[in-house]
Amino acid sequence: MNQPEKINAWVTIYDKYGDADGVLAGNKEGLEKLKEIIDQAIRDGDASIEPEIEGDFVEVRCEIVSPHLAEKEETKTDKAIKYGCITLLVLSVVIFGFGLKGIYYALFTS
């Protein structure tokens with residue numbers, strides 16, 4: 001007689017199409033093991049979920065600063081774009097100023 005295949009512990013943050021759906025889902029065994037791994041990460045700083053749990057991430061990490069709040073380092077491209085935009089803005093103001101000056105002289109000096 002065939003025995004039913006053992007269901008492994010699993011957790012996922014993605015839906016069946018591979019899109020993040022804002023839910024951490026798993027079977028009971030997977031979520032219980034994940035709870036233990038989270039406790040270990042809080043204690044030690046990080047903990048691997050493999051080979052305990054099948055999942056679409058490999059580690060649980062306890063960090064001090066949220067990655068959403070951490071400042072990203074400015075790259076050379078970022079700097080070039082920033083200074084390029086400032087230069088274009090200054091040039092536009094100067095050209096606009098010369099245009100106003102030309103209109104003023106055309107209207108009020110004869």
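Where the Cα atoms of the chain are projected onto their three principal axes, how long is each span, largest first, in whole Å?
Extents along the principal axes, in whole Å: 107, 35, 20.
Can you tell me how much longer the chain between TYR105 and GLU71 gets when fully stretched, taken as 0.36 nm per residue apart minus their C-alpha distance, in nm with one decimal?
Result: 7.3 nm gained on full extension.
Check the straight Cα-Cα distances from LYS35 and name the aspartates and glutamates below 20 Å, setting aside those fewer than 8 residues away within the same chain.
Cα-Cα hits under 20 Å: ASP44, ASP46, GLU50, GLU52, GLU54, ASP56, GLU59, GLU63.
Return the calculated 222 nm mean residue ellipticity for the chain, to the nearest 500 deg cm²/dmol, obtained by summing -39500 (n - 2.57) across DSSP H runs with n ≥ 4 and dividing by the residue count. Kindly include the intermediate steps, with their values, before the conclusion.
Details: 2 runs with 50 residues, N = 110.
Calculated mean residue ellipticity at 222 nm is -16000 deg cm²/dmol.
Name the residues whose placed amide hydrogens come within less than 5 Å of the amide hydrogen of ASP46, ignoring near sequence neighbours (fewer than 5 apart) on the same chain.
CYS62
Give me the lysines in straight-line cross-link reach of LYS82: C-alpha distance below 16 Å, same-chain residues under 8 apart excluded.
Straight-distance partners of LYS82: LYS72.
Hey, what did the chain get for relative contact order, percent, Cα under 8 Å, at least 6 apart?
18 percent
Longest exposed-loop-site-free stretch of the chain, with trypsin sites (Lys or Arg not before Pro), DSSP loop and at most 13 other Cβ within 10 Å?
Working: sites that count: LYS6, LYS16, LYS72.
The longest such stretch corresponds to 17-71.
Coordinate-derived values only; no laboratory data. Not measured: the values here are computed from a predicted model. Cβ: placed from backbone, ideal geometry, glycine included. Neighbour counts: every protein chain shown.
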